[in-house]
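The values are calculated or read from the model by the stated rules, or taken from the named source; none is laboratory data. Values in this document were obtained by computation on a predicted structure and should not be read as measured data. With ideal geometry, Cβ positions are generated from the backbone for all residues, glycine too; neighbour counts draw on all protein chains shown.
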Amino acid sequence: GTPFSTEIQSQPAPDRVVLKVMPETVQPYSIWGLKLPSLKRRLFRCVRIKEDDDGTYAITAVQHVPEKESIVDNGAHFDPLPGTTNGIIPPAVQHLVVDTDNDSILYQAKAKWDTPRVVKGVRFVVRLTTGSGKEGDPVRLVTTATTSETEYAFHELPLGDYTLTVRAINGFGQQGEPASVAFSIQAPEAPSTIEMTPGYFQITVTPYQAIYDASVQYEFWYSATQLATAADIQSKAQYLGTGSFWIKDNIRPGHDAWFYVRSVNRVGKSAFAEASGQCSDDAEGYLAFFDGKIQQTQLAKELLDKMDNTALKQDIADISKTVSETKNEIEQTVNKTLGDQSATISQIQKVQTDTDNNLNALYMLKVQKTKDGVPYVAGIG
C-alpha cells in the first residue's frame, strides 16, 4: 500500500508512543518506522533468532559497518554514529557471582560480573548489606565501593548472610539496571536426607541438602553398631572419606550397617546425620553373582552342581558325605523316597592299618530297596 506518515502526540513509556492519527488500514504487527532528527540510521546483521514460550522472538544482531574494508585495508578512521543523542546510558549488570574463601581468621568474598556491552567511562557501584529486613533483623550496610573493573573483593568478613548489589554508573550520574545476589558465610546444614542403596556385600550412601549448594561436600563414617554422640563417632567409627556419595563394601548380609554423615565447606562442618541399612538379601542374585567366579578348588562340587543345574534338587532327596579327621574314610549315602517305597545307595571307602601295622583298603557298596515294608538288599565289598 501507500506509505502513511503521522505525528507522535506523546511518549508515555520508553517503549510506547501515542499517534495523533491512527491509519484505518494498520494491522497488528505491521511494519513501521520512527523518524527523529536525533536518530541516525544504522545497519545490523542478524546472527540468531530465538522463539520464546509466549510466542515472542528474541533477535541477536551485530552492527554492520559498510566502511569496514577501508578501516581494515586502508587504515581509515571511522567513528560510527550513536543510536541516539543519549547513547551513553550505562549497561545492565549480568552474570553476577560470588566466591568465598578463607582470609586469615575471617573470610573474603570475591564478586565477578559482566555487561552485555561496553560503554566508555562507566564505573560500577558495589553495595554489600546484611540482615533479612524482618523484625529484629534489619538490613544493615556492611560496605560500599566504586570500581572500574568487573570484579571486587571484600576482606575480613565475619560469619553471616549477605546480599551484594552491583549497578553501572556513568559520568553524568545515570545508573543502569542493578543485579543482586545473596550468599552466606556459614557452616553448612546437616544433610536433610540420606539415601541408602543396597548392593551385593555393599551399600551406596547418598546424602542430600534441603537446598543444593555446589560448595558442600560430605564426610562419611561407618560403624557396625549404633553410636550415640559425636565424640563416639570420631573415636569408634571408621572414617571412610569425603565426597558427594560413598560406596561401602565388605558388609555382611543380614547385619545392620550404621553410617554417620556430615556436611563440609570452607567455613566448617555440620552436625552428624545418622542412617542405617543392610546390603542386598537376594539369595538368587548372590548365586548368579558368584557363578563362574568360584572354581571347584574353592567350593564343593555338589554346590557348583546345584548352581548349574537346580533340577537335580527334584530327584535327589538327600546326599551326605563324611570325612574323618585323619582323612582315611569316606561314607556317601543317596536316598530317595516316593510314596510307600524307597531306595538307598550306600558307599564306603576306607583305608586302615591292622595290629601288625599292615595297610588295608576296604570298599563296600550296598543297594537297598524297600517296598510295602519289605527290604531288598544287594551289595559288593
Would you check if ASP318 is exposed (fewer than 11 other Cβ atoms within 10 Å of the Cβ) and at pLDDT 75 or above?
-> no
Filtering segment 209-222 down to residues that are part of a strand (DSSP E or B) and modelled with pLDDT under 95 yields GLN217
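Show me the strands (runs of 3 or more DSSP E) found entirely inside segment 232-279 where at least 2 residues are loosely packed, with under 14 Cβ neighbours inside 10 Å, out of contact with any Lys or Arg (no Cβ under 7 Å at 6 or more places or on another chain) and not basic (Lys, Arg).
Hits in segment 232-279: 238-243.
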Of the residues in segment 112-153, those that are part of a strand (DSSP E or B), among the basic types (Lys, Arg) and under 20 Å from GLY171 (Cβ atoms) number 2
Within segment 112-146, of all residues that are among the polar types (S, T, N, Q) and closer than 23 Å to SER184 by Cα, the one surrounded by the most Cβ atoms within 10 Å (Cβ to Cβ) is THR129
Output for Cβ contacts, cut-off 7 Å, separation at least six or different chains, first residue outside the structural domain of PRO116 (by TED's automatic domain parsing) and free of Cβ contacts under 8 Å to residues at least 24 places away in the same chain in segment 47-68, second among the aromatic types (Phe, Trp, Tyr) and outside any loop (DSSP other than H, G, I, E, B), reads ILE49/TYR57; LYS50/TYR57; GLU51/TYR57; ALA61/PHE44; VAL62/PHE44; GLN63/PHE44; HIS64/PHE44
Within segment 2-21, restricting to residues that are among the aliphatic types (A, V, I, L, M) and surrounded by 10 or more Cβ atoms within 10 Å (Cβ to Cβ), the one that is farthest from ILE89 (Cα to Cα) is VAL21
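Table: residues versus (1) modelled with pLDDT under 70; (2) assigned to a strand (DSSP E or B); (3) among the basic types (Lys, Arg).
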{"position": "PRO3", "(1), (2), (3)": "no, no, no"}
{"position": "MET22", "(1), (2), (3)": "no, no, no"}
{"position": "GLN27", "(1), (2), (3)": "no, no, no"}
{"position": "ILE31", "(1), (2), (3)": "no, no, no"}
{"position": "PHE44", "(1), (2), (3)": "no, yes, no"}
{"position": "VAL62", "(1), (2), (3)": "no, yes, no"}
{"position": "HIS77", "(1), (2), (3)": "yes, no, no"}
{"position": "GLY83", "(1), (2), (3)": "yes, no, no"}
MET196 vs (1) in a strand (DSSP E or B); (2) aliphatic (A, V, I, L, M); (3) under 27 Å from LYS134 (Cα atoms): all pass except (3)
### So ARG262, is it among the basic types (Lys, Arg) and modelled with pLDDT under 95
no
